[in-house]
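Q: Input: one structure, supplied below.
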Amino acid sequence: MTTFVDRVELHVAAGNGGHGCASVHREKFKPLGGPDGGNGGRGGDVILTVDQSVTTLLDYHHSPHRKATGGKPGEGGNRSGKDGQDLVLPVPDGTVVLDGAGNVLADLVGHGTSYVAAQGGRGGLGNAALASARRKAPGFALLGEPGDLQDVQLELKTVADVALVGYPSAGKSSLISVLSAAKPKIADYPFTTLVPNLGVVTAGETVYTVADVPGLIPGASQGKGLGLEFLRHVERCSVLVHVLDTATLESERDPLSDLDVIEAELSEYGGLDNRPRIVVLNKIDVPDGKDLAEMVRPDLQARGYRVFEVSAVAHTGLRELSFALAELVAAARAARPKEEATRIVIRPKAVDDAGFTVTREEDGLFRVRGEKPERWVRQTDFNNDEAVGYLSDRLNRLGVEDKLMKAGARNGDGVAIGPEDNAVVFDWEPSVTAGAEMLGRRGEDHRFEAPRPAAQRRRDRDAERDEADRGYEGFDPFAS
């Protein structure tokens, strides 16, 4: 059964924004007390956050679909809907987030580092928020925006200071087990290590981590063996340690040829040429191994390598190796640039930046693209004529109509707002009212200007009495 997963495809869906409410306040003696529809709540985000207690992506391998909660709709009485709850997904330190094309979206290193993988939708405004001096009683509200839908790739690159690389059965797992408290699987057959193992080593005042990477073979960078699956775990390591087997039973192999093969694979993989290297001649407790180590040591030193002869079984040469690694790790840490506080960069838009574009396509269709027009279209209830009229006003004030005319659009031409796969298409009619004002001009309600019913009834009774009184004028009851 799989217990370690370092690459998964994750399907995340943010919460939808809640719809706004169209409501009119009503109470005794106030049949038309004004709009009081509340706003919809914001949809929840999907956030990836580094958690040191998480070491694998196994949970997302079994459950790749994750969704945040949506916002609640607004209600009457100026009650806004509740915001959706953010969905926080813990990931291991060193997780890389990529899109479907393989582009890096985020590199999550360090406890607490987070990335918003899917943004929740905005809540729609209620008619109380849409009211104005001209639009006293809007009979519509804005819809909530849908949340983002994203398919992302998560790749885990182990965060360690030292990486042990070498052929299978070279003794890497045995070496990390005696240098640290790690307890990897150890056996006398190739590819015993199927997952990277991490161990913590203390050498004097320096504490560093060592990663045992599964064995590499010729062609590992092209996918042979397990190398390609785990070479990414070497990328973040500051120091590379070549563990060479001096007691191999294969006649065609020797420490020098093993070193050349592993270096060729690392070079083919790329990005590791600037890492300092140390060579460890392992298994010198075997008599033939000790003799072979003494033979190849001068050649390795002539190539510029620092060479250490060790035995993981007999615990020989481990102290010198651990302190040498601590020295290189300390130097690498000192050479790193100091972390600076995150700066907030404000980039205001140009004054003449309308925020949208109008292009004419080959079939004669005019396409409008821009953050505001597309968002306004998503928030419009096209079953409500007044809402459509409000959208028309907003687009006109933004300058969409002027740009369409400059682009050559004529009455009746097709106009699409949004991308090709999700656009609203309509026939353009410039400078025309929407006909959404049942009771007057768009957004105006003459019911607010009409007298109250009780007062009107009193006026009607007074008028009737006045008419009756006028009928008695000139009447003489004593006339014959």
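Read the figures in this text as sums done on the coordinates, not as results from a lab. Every value quoted in this text rests on a predicted model; they were computed, and no experiment measured them. No Cβ is skipped: glycine too gets one built from the backbone with ideal geometry, and neighbour counts run over all protein chains shown.
Q: Report, largest value first, the span of the C-alpha coordinates of region 372-424 along each principal axis, in whole Å.
A: Computed over region 372-424, the largest-to-smallest principal extents equal 29, 25, 21 Å.
Q: Please compute the contact order of region 232-305 in relative form: average sequence separation of alpha-carbon pairs under 8 Å and at least six residues apart, divided by the residue count, as a percent.
A: Dividing the mean separation by the residue count of region 232-305 yields 41 percent.
Q: Highest first, please rank the peptides 385-394, 366-375, 97-106 by the mean number of other Cβ atoms sitting within 10 Å of their residues.
A: Top to bottom by mean Cβ count within 10 Å: 385-394, 366-375, 97-106.
Q: How much net charge surrounds residue 83 when only other residues with a Cβ under 13 Å from its Cβ are counted (Lys, Arg +1; Asp, Glu -1)?
A: Summing Lys/Arg as +1 and Asp/Glu as -1 gives +2.
Q: Could you compute the FRET efficiency for residue 79 and residue 383, with r as their C-beta to C-beta distance and R0 at 35 Å, rounded to 0.05?
A: 0.90
Q: Based on the Cα coordinates of region 134-173, what is the per residue volume of their convex hull in Å³?
A: Taking the convex hull of the Cα positions in region 134-173, it is 171 Å³ per residue.
Q: Using only the Cα atoms of region 39-83, construct the convex hull and provide its projected area averaged over every direction, in square nanometres to one decimal.
A: With the hull built on Cα positions only, its mean projection is 4.2 nm².
Q: Taking every Cα atom in region 259-336, find the radius of gyration and the maximum pairwise distance Dmax, and write them in Å.
A: Rg and Dmax of region 259-336, Cα atoms, are 14.2, 43 Å.
Q: Something else about it: Run through all the Cα pairs of region 1-105 and give the fraction in each 10 Å bin from 0, expressed as whole percent.
A: P(r) over region 1-105, rounded to whole percents: 14, 30, 22, 15, 11, 7, 2, 0.
Q: Something else about it: With an 8 Å Cα cut-off and a minimum separation of 6 or more residues, compute the relative contact order for region 95-187 in percent.
A: This gives 27 percent for region 95-187.
Q: Another question, then. What distance in nm separates the simple spin-label points at residue 397 and residue 365, each placed 7 Å from Cα in the Cβ direction?
A: Here the modelled spin labels are 2.9 nm apart.
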